[in-house]
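Following: one structure in structure tokens, then a few remarks.
The values are calculated or read from the model by the stated rules, or taken from the named source; none is laboratory data. Computed from a predicted model, the values in this text were never measured in an experiment. A quick note on method: Cβ atoms are made from the backbone with ideal geometry, for glycine too, and the neighbour counts reach across all protein chains shown.
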């Protein structure tokens with residue numbers, strides 16, 4: 001039975017605080033998800049390919065508690081028996097399926113969405129709270145102005 005896994009890490013606006021590991025240095029965590037051999041296609045495939053859009057909305061409490069609203073939609077999913085969309089545990093909460101089209105079953109399990117009987121060109125939208133704002137450690141500098149401008 002086929003099993004696909006998409007590792008989707010929450011967007012991080014600033015570096016982790018002194019009491020947390022830097023999320024960009026946690027490559028060992030992704031190794032267990034990204035098993036197998038990556039094969040790059042010499043030519044893009046015909047027809048539409050899987051894409052997703054993610055919208056992060058800062059709410060009034062985001063700068064105080066670090067949590068923001070995450071809205072994410074996946075389109076043109078491939079036909080497959082089972083798949084999962086995995087988020088970093090501890091960085092996502094209140095994960096919920098908003099809509100699913102062309103998917104036999106979509107359910108939240110912890111920090112993941114489990115999909116069954118995904119048909120060709122299926123789509124899925126989820127909503128969650130994502131921990132994306134982090135205090136800078138005293139020895140860290142803020143992102144350059146050009147980076148901050150892109151975040152607005």
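A few points about this structure:
- Test: residue in the range 10-28 that is over 25 Å from residue 138 (Cα atoms), at pLDDT below 95 and either exposed (fewer than 15 other Cβ atoms within 10 Å of the Cβ) or out of contact with any strand residue (DSSP E or B) (no Cβ under 6 Å at 6 or more places or on another chain) (or both): yes
Condition check ((1) modelled with pLDDT under 95; (2) out of contact with any strand residue (DSSP E or B) (no Cβ under 7 Å at 6 or more places or on another chain)) across all residues:
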site: 8; (1), (2): yes, no
site: 43; (1), (2): yes, yes
site: 57; (1), (2): no, no
site: 72; (1), (2): no, no
site: 101; (1), (2): no, no
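Quick grid of which residues meet (1) buried (at least 17 other Cβ atoms within 10 Å of the Cβ); (2) modelled with pLDDT of 90 or more; (3) within 17 Å of the chain's Cα centre (by Cα); (4) assigned to a loop (DSSP other than H, G, I, E, B):
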| residue | (1), (2), (3), (4) |
| --- | --- |
| 46 | no, no, no, yes |
| 83 | yes, yes, yes, no |
| 93 | no, yes, yes, no |
| 104 | no, yes, no, no |
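- Test result for residue 52, assigned to a strand (DSSP E or B) and free of Cβ contacts under 8 Å to residues at least 40 places away in the same chain: no
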